[in-house]
Amino acid sequence: MDRPWWRIAVDVLKANEVHLIPYVPDNVLKPLIAALHEDPFFHAFTVAREEEAVGIVAGAWMAGTKGLVLMQTSGFATLANVLASLPCAFQIPVLMMISERGTMGEFNLGQAAVWRTMRPTLEALAMEHHVVTRLDECEFIFDRTIRQAHLTQMPAAIILSPLLTGGKAVTRQVVA
Amino acid sequence: MIAAHNAKRMYRFDLMQRLVARLEHEEAVIGGIGNTNFDLWSAGHRPQNFYMLGSMGLAVPIALGVALAQPNRKVFAVEGDGSLLMQLGCLATVATLGPKNLAILVMDNGVYQITGGQQTPAARADFVAIAQGCGLSHAAWAADETDFERQVGHCLETDGPHVIAVKLDDQPPVSQTERDPPQIRDRFMRGMGAKRSKLPG
């Protein structure tokens, strides 16, 4: 049986010695977060805000430990200033894995509205980013994006599409 | 209620010199945005210094990352009061993770000095009480220069995480840090032993 996307993520992170995983959680990320906590190779922990996680991963990399930040779309929307002035300006490979909320069946209007800011922000920052939609492309995109970030000392974002993860959809309007 | 402490208002550059003079084991120092890192720079560049130029509020998270990566090296985060206000949640994160090698130095002048001295919205806040409320029990105001040096020594000799808060006077920084982020990052990585290069550094 095929490995699920989150198991592939765990395997690729391990193969690339990405050890430190600060995160702000999301429902879609639950199986990945659980797997990271179960595996003593990883040091996964929550932070109060995504900006904090960017600082932690930047500091750790400069001191010899690789890391990756987990977040959802709305969390990414809080990051433009720190991404521009820390990993982009200092050339630090801060890696981000973002569960894509706000599209393909989103029920939360706030998520749908903030979703529209993500790609324009990544493009304005000229930051490498890839959207993963298919299980068969998962390992290649994860692995090559992480390798390139480390080799070029530049930050990068991996966006987990609902096409890959199933997203968090509801089928009808919830009325109280 | 105005914050209950009787700390003397001290000169930031003098305190930076006193801190740097105590560092004998290649301790890392992360200087927060603006005048905080300007005076760290002015106290004499060390390869183990990182000068943040932007990303206001991230001195403590960056220092936490360094501390987690190198648990045998002492790491100081030097952060202004206005900057810390932007990222107060990081104090809770530090308390939860409990890195023994991390010390946070809060430089509290009560104003945004670099933008013209406007008051911060924390006129009635006590940063030591905030840190303690987040779970950082080793947090104290430094009463004067002698007490500051004693507390720095305590940070170097005992397990943390520690917080030292100081009240500052209104003197401006001595000089400005050279703004060349990749160079700063490269020097710091060499200072951390995380990078080897044949290029002269």
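The values are calculated or read from the model by the stated rules, or taken from the named source; none is laboratory data. Just so it is clear, the structure is predicted and the values come from calculations on it, not from any experiment. Heads up, the Cβs are rebuilt from the backbone with ideal geometry, glycines too, and the neighbour counts pull from every protein chain shown.
Data overview
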| item | result |
| --- | --- |
| For A:S74: the one exception among (1) more than 22 Å from A:P22 (Cβ to Cβ); (2) part of a helix (DSSP H, G or I); (3) of a type in the set (S, T, N, Q) | (1) |
| Filtered residue count, the stretch B:178-201, keeping only those that are under 23 Å from B:M16 (Cα atoms) and modelled with pLDDT of 95 or more | 12 |
| Filter result for A:G102 (within 14 Å of chain B (Cβ to nearest Cβ) and closer than 21 Å to A:L29 by Cβ) | no |
| Filter pass, A:I8 being within 14 Å of chain B (Cβ to nearest Cβ), more than 13 Å from the chain's Cα centre (by Cα) and closer than 22 Å to A:Q148 by Cα | no |
| Answer residue from the stretch B:9-34, given it is out of contact with any Asp or Glu (no Cβ under 7 Å at 6 or more places or on another chain) and under 26 Å from A:A89 (Cα atoms) and is surrounded by the most Cβ atoms within 10 Å (Cβ to Cβ) among those | B:I30 |
| In the stretch B:137-159, the residues that are surrounded by 21 or more Cβ atoms within 10 Å (Cβ to Cβ) and outside any helix (DSSP H, G or I) | B:A139, B:W141, B:A142 |
| Only one of B:N6, B:N49, B:N35 that is over 19 Å from B:H154 (Cα atoms), out of contact with any helix residue (DSSP H, G or I) (no Cβ under 8 Å at 6 or more places or on another chain) and not aromatic (F, W, Y) | B:N6 |
| Unique residue being hydrophobic (A, V, I, L, M, F, W, C) and exposed (fewer than 14 other Cβ atoms within 10 Å of the Cβ) when the list is A:A126, A:A112, A:A157 | A:A126 |
| Those residues of the stretch B:180-198 which are facing chain A (nearest Cβ under 9 Å) and either among the aromatic types (F, W, Y) or surrounded by fewer than 14 Cβ atoms within 10 Å (Cβ to Cβ) (or both), in sequence order | B:P182, B:F188 |
| Residue in the stretch A:134-154 that is surrounded by the most Cβ atoms within 10 Å (Cβ to Cβ), counting only those that are over 14 Å from the mean Cα position of the chain (by Cα) and under 16 Å from A:I8 (Cβ atoms) | A:E139 |
| Total residues in the stretch B:94-105, condition among the polar types (S, T, N, Q) and surrounded by fewer than 19 Cβ atoms within 10 Å (Cβ to Cβ) | 1 |
| Of residues in the stretch B:68-93 being in contact with a helix residue (DSSP H, G or I) (Cβ under 8 Å, 6 or more places away or on another chain) and among the small types (G, A, S), the one surrounded by the fewest Cβ atoms within 10 Å (Cβ to Cβ) | B:G89 |
| Only one of A:A48, A:A60 that is farther than 24 Å from A:E139 by Cα, within 12 Å of another protein chain (Cβ to nearest Cβ) and in a loop (DSSP other than H, G, I, E, B) | A:A48 |
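Listed here are the residues, each with its yes/no results for (1) modelled with pLDDT of 95 or more; (2) within 14 Å of chain B (Cβ to nearest Cβ); (3) in a helix (DSSP H, G or I).
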site: A:L32; (1), (2), (3): yes, no, yes
site: A:A35; (1), (2), (3): yes, no, yes
site: A:I56; (1), (2), (3): yes, yes, yes
site: A:G64; (1), (2), (3): yes, yes, no
site: A:L70; (1), (2), (3): yes, no, no
site: A:L83; (1), (2), (3): yes, yes, yes
